[in-house]
Each structure stands twice: as structure tokens, then as C-alpha cells.
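Below is one structure, written out as C-alpha cells; comments come after it.
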Amino acid sequence: MQQIGRNLYQISLGAVNVFLIEDKGLTLIDTGYINSMDKIFSKIKKGGKNPADIKQVILTHSHPDHAGSAAEIKKSLGVPLLAHYDDANLIEKGIAGRTPMHLSPGIINWLLFNIFIKRVSNSIEPAHIKEKLKDQDIIPVAGGIQVIHTPGHSAGHICLLIKNEGVLIAGDICANVAGLGLSPVYEDRAVGINSILKAAALDFDKAVFGHGGPVQKGANRKLKEKFLPLTAALK
């Protein structure tokens with residue numbers, strides 16, 4: 001586990017990251033692909049934490065690399081799942097994402113799409129979502145985590161702002177694989193770019209992503225500088 005802030009840890013599963021918040025027990029953010037539970041729990045144990053202390057799981061969105069093991073973890077621990085209303089409905093039906101998805105420009109996105117996304121099933125094990133989140137909700141851990149509804153990559157995508165630590169859990173609004181860039185696919189790229197800028201307008205210094213490494217300093221400014229020029233093409 002890589003410690004990002006006082007209470008936040010990043011856990012790399014290879015192709016995707018999940019996150020752990022330590023306060024009032026543990027809160028797991030995202031669950032990786034199907035059959036990722038043992039790997040997640042092993043890494044938590046190696047980091048000196050107990051997976052049995054996980055009290056809830058928050059899903060940034062429904063895609064199979066983020067919600068794939070949600071049902072398995074829920075069954076194992078008996079913990080509630082939280083997700084935005086728009087994607088909660090998909091998760092409860094076992095649907096991973098809406099189609100069609102639109103490929104972002106660039107060779108890296110083309111490669112990531114063809115290696116990791118193209119052949120992945122668009123189904124997950126259905127799981128009940130206990131709390132269906134909305135924009136500006138506050139989750140009462142780590143001094144209050146603010147839910148930011150950021151559609152585009154998925155209609156029910158959320159970011160999570162840990163205000164006390166100045167960290168944004170950005171999910172897949174964008175990626176930081178070979179520097180900041182668009183996620184490989186979006187339901188609606190224009191909406192997604194506007195969501196990036198919505199998040200970037202908030203007050204945070206660090207950002208972590210579902211794919212790639214963290215931005216440790218000046219993250220909101222860097223997001224604005226990278227993605228604001230893309231809005232010209234939307235007009």
C-alpha cells in the first residue's frame with residue numbers, strides 16, 4: 001500500500017488502483033475486476049491493516065474494473081455498498097456499463113482499450129447498493145468526504161474529495177498513466193471534460209486515479225492546465 005495522505009492509501013492491482021481510507025475502521029474505494037478480493041485483502045494485510053475492519057465500500061462507478069468484486073466483498077464481510085444513483089441501478093442489475101463507449105484519441109488510449117477493455121465482459125455479479133449517493137453528499141469519515149458527481153466516463157461516476165487532506169479521489173474522470181490524459185473511453189467525452197474541470201475547480205493539492213500514479217502537488221491546477229484547452233474543441 002502506498003500512503004498518499006494521513007488517512008489515505010493507494011493499492012495497486014496492476015491495471016487498476018483501489019483505495020483505502022482509515023478512520024472509524026476502514027473504507028474501501030472500488031474493488032477491481034472480478035476475483036480481486038483475495039489480492040486486495042492480501043495487500044491490506046501486508047500494509048499492517050485488517051480487512052475485517054472494512055466497514056463500507058464506495059464505488060466510483062459501475063465499470064468491471066471498479067465494481068467487479070463488489071458483490072464478493074459484500075458477501076464476505078457483510079458490509080454496505082455506496083454508489084451514485086445513476087450507476088447503482090446498473091450494479092444492482094449486474095450491468096457493468098452503458099454502450100456505446102467512445103474511444104479517446106491517442107495511441108496510448110488505443111493500446112489500453114485493445115489490451116484491457118475491448119474483451120472484458122460487460123457484466124458483473126449483481127449487488128445491492130445500500131446508499132445511493134448524489135452530488136454534494138458528505139460521507140462521515142476522515143472529517144467528511146464530499147461526493148462530486150462527475151458524469152461523462154459513466155453517467156453515475158463520482159469523485160471523492162477528502163477536504164481535511166486536500167486530496168481528490170478522481171476515479172476515471174481522467175488517467176495519469178503516461179502523464180495526465182483522457183481516460184481511454186467515455187460515454188460522452190464532452191460531458192467528461194466538463195466534469196474534469198468541475199472537479200479541478202475544487203480545493204485540493206493531491207489527486208489519485210483509477211489508472212496510473214498520483215499527482216502529489218498542485219493537482220487541481222495541473223488538471224485545469226491540461227484539460228481546459230480541450231474545451232475549445234467542444235464549442
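Using the Karplus equation 6.51 cos²θ - 1.76 cosθ + 1.60 (θ = phi - 60°), what ³J(HN,Hα) coupling, rounded to whole Hz, does each residue of region 79-93 give in order, writing x for Gly and Pro?
9, x, 9, 10, 7, 5, 3, 5, 9, 4, 5, 5, 4, 5, 9
List the lysines whose Cα lies under 24 Å from the Cα of K217, skipping any in the same chain that are fewer than 8 positions away.
K163, K198, K206, K226
Assigning unit charges at the beta carbon (Lys, Arg +1; Asp, Glu -1) and nothing else, what dipole magnitude in debye, to the nearest 20, does the chain show about its Cα centre?
Dipole about the Cα centre, nearest 20: 360 debye.
Straight-line reach from K45: which lysines have a Cα under 16 Å away, not including same-chain ones fewer than 8 places off?
K55
Hey, what does the equivalent ellipsoid look like for region 2-234, semi-axes from the Cα gyration tensor as sqrt of 5 times each eigenvalue, largest first, whole Å?
The answer is 25, 21, 16 Å, longest axis first.
Of K46/K93; K43/K132; K39/K132, which pairs sit farther than 32 Å apart, going by alpha carbon to alpha carbon?
In this structure, K46/K93 exceed 32 Å between Cα atoms.
For the chain, give me the percentage of DSSP beta bridges that are antiparallel, rounded to the nearest 5 percent.
Roughly 70 percent of the beta bridges in the chain run antiparallel, per DSSP.
Using only the Cα atoms of region 17-68, construct the convex hull and provide its projected area averaged over every direction, in square nanometres to one decimal.
About 3.3 nm², averaged over all directions.
For K134, go through the aspartates and glutamates and keep the ones whose alpha-carbon is under 20 Å away, minus same-chain ones fewer than eight residues off.
D30, D86, D87, E92, D172, E187, D188, D203
Quick note: the coordinates plus some simple rules give every number you see, no bench work behind them. Since we're looking at a predicted model, the values are computed, not measured. Because the Cβ atoms are built from the backbone with ideal geometry, glycine has one as well, and the counts that use them run over all protein chains shown.
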